[in-house]
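Notes follow once the structure below has been shown.
The values are calculated or read from the model by the stated rules, or taken from the named source; none is laboratory data. Please read all numbers here as calculations on a predicted model, not as lab measurements. FYI the Cβ positions are ideal-geometry reconstructions off the backbone, even for glycines, and counts take in every protein chain you see.
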Amino acid sequence: MAFASGVGTSLEFYDFAIYGTATALVFSDTFFRTDDPWFSTFMGLAAFGIGFLMAPLGAVLFGWIGDRRGRRTALLLTFIGMGAATILMGLLPSYATIGVAAPLLLVCLRLVHGLCRGGETGGAAVLAMEHAPPERRALWGVFTALGSPLGTILANGAFMLVLFLPADAVADWGWRLPFLFGGFVLVLGLWVRRGVRESPVFRKIHESGELETRRAPVVEVVRSNWRRVLLAAGVNIGLNSTTFALSIFMLSYTTAAAPDGLGLPRQAVVNASIIGLLLHGAANVAAAVLSDRFGRRPVMITGAVTSIIAALVIFPLSTQGTVGAAGLAIALGFTTTGILFGPMYVYFGELFPREQRQTGMGIAFHVGAVLGGGISPLVANRILAATEDASNIGYYLACALGLTLVCLAVLPETAPQRVTPPAPAPEPTT
């Protein structure tokens, strides 16, 4: 069950991540061509960020389906929507062919991406954790968390193969291949998830009949748990700011020609990103296992503190201008954020009661993602343009991670084995 959930999420993150990789490598010229290379890159990153804006709406829509009609149904719909949008992106004519209609259509498909991703992450995590033994929730849930690095590795790997083509071929038609491969990804994902059973927790709620008398999940979340939504969103702001600065902005910055970037070979940087993501995934698993034993908060606070330190080192290190320095910076950033991310999905799910779990954790995660990963490549791009010193980006990321640390300090522990059960009520005297 956990494996099927994780594989499906990896394939869906592949669809989501190839857009970001293509934005960093080719979309500036293909869809957002202007006389100013910096502005073309900025427009490409802005279109990348737009997808994040739809994710909270997707969390509400698919959270309602998941909390009222079933986790499995919600996941099926998100997967089909994501796959269809990816294939259509691969078939889009370029700006040179149809003019301004090309970026407009691309943005529309990107909005569909964001809507579906808003339902996928929460739904997959909830389905996995509700099948898991209580003492191993984070270990089961980490398969969903692994969807992010593994999906991004698949995306980078696909483009790594494409980059063996001549540069003109990559810009003309080669970039389309990873998107069209999304059709195979869609079929494979549906096959992997074909035997996934509905969550036993949801079945119990459904059989009790209590769902018929409840308000919409989003109304219940806002009325009873809005503070936890905001605090959990704050936790994700720092994480997403850093990981997307590494996976999107860093790829653009290190491969762009001087003086806009470091002018490093694209193939070497993509390879370094894959190694960094492998380390991120390993840190996910280790952190999840430790959180099942020692609690979610101690592990995630450790990840936040080490990520702050790494953020202040990453860009001064990368500005040395060598592939080795950039690769080491990417590896350091991905490893430390992996510690923070490993238990996150399960922690967010445990913060909310079962009948509003998918909606609550989905909204919290994706509001943080919008304010973090959705804008961090843009902010990093603007900081570099305004100051001409990439080291200043590290201060921005450290501040975002500082917010993560504060929110973790306020939120409660949720790991079942670390939470003291309430004392039994005293026996009535007669």
If Leu106 satisfies every condition in (1) more than 25 Å from Phe244 (Cβ to Cβ); (2) modelled with pLDDT of 80 or more; (3) assigned to a helix (DSSP H, G or I) but one, which is the exception? (1)
All-but-one check, Ile383 against (1) surrounded by fewer than 23 Cβ atoms within 10 Å (Cβ to Cβ); (2) touching a Ser or Thr at 6+ places or on another chain (Cβ under 9 Å), failing number (2)
Output yes when any residue across the range 337-349 is of a type outside the set (A, V, I, L, M, F, W, C), in a loop (DSSP other than H, G, I, E, B), closer than 30 Å to Ala138 by Cα and at pLDDT below 95, and no when none is. yes
So if I check each of Pro56, Pro93, which one is outside any helix (DSSP H, G or I), modelled with pLDDT of 85 or more and either closer than 21 Å to Thr243 by Cα or over 23 Å from the mean Cα position of the chain (by Cα) (or both)? Pro93
For residues that are assigned to a loop (DSSP other than H, G, I, E, B) and at pLDDT below 70, scanning just the range 406-424, find the one that is farthest from Pro343 (Cα to Cα). Pro424
Looking at (1) crowded, with 24+ Cβ neighbours inside 10 Å; (2) under 29 Å from Glu388 (Cα atoms), which is the only condition Ile275 fails? (1)
Considering only the range 125-134, state which residues are over 13 Å from the mean Cα position of the chain (by Cα) and either assigned to a helix (DSSP H, G or I) or hydroxyl-bearing (Ser, Thr, Tyr) (or both). Val126, Leu127, Ala128, Met129, Glu130, His131, Pro134
Just name the residue that is nearest to Ala128 (Cα to Cα) out of those in the range 282-296 that are surrounded by fewer than 24 Cβ atoms within 10 Å (Cβ to Cβ) and under 20 Å from the mean Cα position of the chain (by Cα). Val285
Could you list, in sequence order, all residues of the range 29-43 that are modelled with pLDDT of 75 or more and β-branched (Val, Ile, Thr)? Thr30
Within the range 95-110, residues in contact with a Pro (Cβ under 8 Å, 6 or more places away or on another chain) and either β-branched (Val, Ile, Thr) or under 19 Å from Gly49 (Cβ atoms) (or both) come out as Ala102
For the range 43-80, which positions are surrounded by fewer than 18 Cβ atoms within 10 Å (Cβ to Cβ) and acidic (Asp, Glu)? none
Among the numbered conditions (1) under 21 Å from the mean Cα position of the chain (by Cα); (2) not in a helix (DSSP H, G or I), tell me where Ile87 comes up short. (2)
Kindly indicate the residue of the range 291-320 that is among the basic types (Lys, Arg) and touching an Asp or Glu at 6+ places or on another chain (Cβ under 8 Å) and also nearest to Leu403 (Cα to Cα) among those meeting that condition. Arg297
